[in-house]
Amino acid sequence: MAVAAKDEQGVGPGMPQPLDHAGADHALVDDGVIEAGLAAAKAIGATPVQYPKPAKEYESAPPNSDKAGIRVGIIARPTSAEAWSVAIERFPGDRKGQLAHQLAMRLSDSVWHKQLSEMAQSNGDLQGVYWMWPFENYQTFCPYLVGTYEEVADELSRYIRSGYHTFILDIPPAREELNHVRAAFDHASRAVAL
């Protein structure tokens, strides 16, 4: 399982290691226009990156045959209350951000942006640990997984069982956040016996 964490200071021993972008086999392609993105990634031997739906939506679908990765943010803590406290503090409601998001929706031709927005509108901001509030407030461009280590690990393990083995993480605010992310991935790895 590959994990790329956008951390300006790097990562420490035992932490998820960023992907090496030096080789074409590790290049990542954003599949904003899904078919074109997948075709481009396949042509150059790159890993296409998707913005995922809640993991339960993949359970009855065929496994990920494109070897695509997913981009998510993760806020995991020992208790759900602590995780949600951190999440709400990090991503407070922002009216200007909401207006910017609405404007982007009207002007953008991005397929993934429209899909995530439609999903948030139809399902609400929260689907278990799957949280769209930061996206709707124009604070980030991916869904977040928020909850206990075990709750987030359950969602991650469902993605893994569906064939997703590369995870691109949203920018953590501090290096110590990667310790919490790692704890969730450790639980997920044990759950799927990687």
Single unsatisfied condition, SER60 versus (1) touching a strand residue (DSSP E or B) at 6+ places or on another chain (Cβ under 6 Å); (2) at pLDDT below 85; (3) surrounded by fewer than 21 Cβ atoms within 10 Å (Cβ to Cβ): (1)
Selected residue (only one of ALA76, ALA40, ALA87 is part of a helix (DSSP H, G or I), at pLDDT 85 or above and aliphatic (A, V, I, L, M)): ALA87
Failed item in (1) assigned to a helix (DSSP H, G or I); (2) among the aliphatic types (A, V, I, L, M); (3) modelled with pLDDT of 65 or more, with MET105 passing the rest: (3)
Any chance SER122 is modelled with pLDDT under 85 and not aliphatic (A, V, I, L, M): yes
Tally of residues being farther than 14 Å from PRO78 by Cα, in contact with a strand residue (DSSP E or B) (Cβ under 8 Å, 6 or more places away or on another chain) and not hydroxyl-bearing (Ser, Thr, Tyr) across the range 146-170: 7
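The values are calculated or read from the model by the stated rules, or taken from the named source; none is laboratory data. Just so we're clear, the structure is a prediction, and the values are computed from it rather than from any experiment. Cβ: placed from backbone, ideal geometry, glycine included. Neighbour counts: every protein chain shown.
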